[in-house]
Amino acid sequence: RAKRRGRAQITIYSEQIALEMRRRTQIEQALRNAIIADEVDVHFQPIVDLTGDRLVGFEALARWHDADLGTISPSDFVPLAEDHGFIDRLTEVLFRKALRAALAWPKDIFLSFNLSSAQFVDLSIASTVVNICRQTGFDPRRLIIEITETAVMADADTAQEIVAEMRAAGIHVALDDFGTGQSSLCRLRDFAFDKVKIDRSFVSRIANDHASEQIVKAIIAMCVGLNLEVVAEGIETPAEAMKLKALGCHMGQGYFYGRPKDVASTLKDLNGPFARGDTKA
Ligand code: C2E
Ligand code: MG
Ligand code: MG
Ligand code: MG
């Protein structure tokens, strides 16, 4: 009986795997079509200066809603585009949209944009980014490129050269999701970053968990010593904001300050009280 049940289990599993694979293929096909039909969007989440509670920039975040499949998270569709070789096309579409939107913002508001790890293996990405800035008329000095530790680890030499080339063009480079990958510290030593973004997993526990608080405190101290700006991601409560300020964190981002919003709402906010320094904390 146990054996028969085992076989039945296996059948169920393989059916589930087949279903899951079919869904992935569906999503992949739909995503290809969505890129062609220009249906993948960017939203923008505010980044604030914690010392003065002032809006300083926005992070562009990819958004995709499919009529049949529903809303799909970038954490799901970005890897899919990487695996199937169309991350470059997806990124270019998103980047152009983000730059176009940001052109309408005040000149002192920066744009932060995520590049995928799959794009940090080819030197040409640096000139591609610079060229698109030039074509769009967006000042590269207002641009921050966010990359994760995973990206930096895949091919460290090439990644290092890409970072150097971007910085030579005036672009700032931020290490995203800091603390979640491996070998974080040697990356900070070997790479010339401008900013470090502390991962939400630390920030969301900072108010109640002594260990998380001490780790964040140490990261901030280290970054200050290395002349790096620190951004805390995923600030959701006043308590978290207060603690991060007390620890000397430079910048913050999270639902407490604002959720990602579409192009039009972002522009509207920029003309409202929020932009004049009336952030919540
Ligand atoms: P990320 O770059 O670390 O972006 C921050 C993520 O945290 C975003 O999720 C944002 O919506 C979310 N977040 C911000 N504040 C809060 C908060 O207070 N609470 C919570 N629970 N979440 C918060 P999102 O938009 O789902 O994006 C997930 C990841 O997908 C991003 O992580 C990034 O790695 C990737 N991604 C998004 N857009 C792009 C893109 O245009 N290109 C590439 N290559 N990757 C992207
Ligand atoms: Mg990011
Ligand atoms: Mg992040
Ligand atoms: Mg993250």
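Right, Leu99: more than 16 Å from the chain's Cα centre (by Cα) and surrounded by 15 or more Cβ atoms within 10 Å (Cβ to Cβ) or not? Spelling it out, it is not the case that Leu99 is more than 16 Å from the chain's Cα centre (by Cα) and surrounded by 15 or more Cβ atoms within 10 Å (Cβ to Cβ).
Checked against the criteria, Arg167 does not count as in a helix (DSSP H, G or I), out of contact with any strand residue (DSSP E or B) (no Cβ under 7 Å at 6 or more places or on another chain), under 24 Å from Gly252 (Cα atoms) and more than 16 Å from ligand 2 (Cβ to nearest atom).
Working only within the stretch 139-155, note down all residues that are open to solvent by 10 Å² or more (accessible area, probe 1.4 Å) and among the aliphatic types (A, V, I, L, M).
Within the stretch 139-155, Met153, Ala154 meet the criteria.
Report the residue count in the stretch 74-96 for those that are outside any helix (DSSP H, G or I) and either open to solvent by 40 Å² or more (accessible area, probe 1.4 Å) or out of contact with any helix residue (DSSP H, G or I) (no Cβ under 8 Å at 6 or more places or on another chain) (or both). The total comes to 2.
One residue stands out among those in the stretch 65-95 that are under 16 Å from the mean Cα position of the chain (by Cα) and polar (S, T, N, Q): the one that is nearest to ligand 3 (Cβ to nearest atom), which is Ser75. Candidates in the stretch 170-188 are the residues that are part of a strand (DSSP E or B) and either of a type in the set (Lys, Arg) or open to solvent by 40 Å² or more (accessible area, probe 1.4 Å) (or both); of these, the one that is nearest to Ile87 (Cα to Cα) is Asp177. Can you tell me which residues in the stretch 178-224 are among the basic types (Lys, Arg), within 19 Å of Leu50 (Cβ to Cβ) and either within 16 Å of ligand 2 (Cβ to nearest atom) or free of Cβ contacts under 8 Å to residues at least 24 places away in the same chain (or both)? Scanning the stretch 178-224 gives Lys195, Lys197, Arg200, Arg205. The stretch 189-281 holds helices (runs of 4 or more DSSP H) entirely within its bounds, and those carrying 3 or more residues that are more than 19 Å from Asp176 (Cα to Cα) map to 210-225, 238-246, 263-270. No other residue among Ala34, Ala104 is part of a loop (DSSP other than H, G, I, E, B) and either surrounded by 16 or more Cβ atoms within 10 Å (Cβ to Cβ) or more than 17 Å from the chain's Cα centre (by Cα) (or both) apart from Ala104.
Just so you know, in the stretch 161-192 the residues that are within 16 Å of ligand 4 (Cβ to nearest atom), in contact with a helix residue (DSSP H, G or I) (Cβ under 9 Å, 6 or more places away or on another chain) and hydrophobic (A, V, I, L, M, F, W, C) include one that is farthest from Glu59 (Cα to Cα), and it is Phe178.
The single condition from (1) free of Cβ contacts under 8 Å to residues at least 40 places away in the same chain; (2) more than 30 Å from Glu236 (Cα to Cα); (3) not in a loop (DSSP other than H, G, I, E, B) that Ile27 fails is (1). Summed over the stretch 208-246, residues that are open to solvent by 40 Å² or more (accessible area, probe 1.4 Å) and aliphatic (A, V, I, L, M) total 10.
Taking the stated definitions as given, is Val130 more than 16 Å from ligand 2 (Cβ to nearest atom), assigned to a helix (DSSP H, G or I), closer than 20 Å to Leu90 by Cα and open to solvent by 20 Å² or more (accessible area, probe 1.4 Å)?
Answer is yes for this residue.
The values are calculated or read from the model by the stated rules, or taken from the named source; none is laboratory data. Computed from a predicted model, the values in this text were never measured in an experiment. Methodologically, a virtual Cβ is constructed for each residue, glycine included, from the backbone with ideal geometry; neighbour enumeration extends over all protein chains shown. These accessible areas exclude ligands, DNA and RNA; they are computed on the full protein's heavy atoms, side chains included. Shrake-Rupley method; radii C 1.70, N 1.55, O 1.52, S 1.80 Å.
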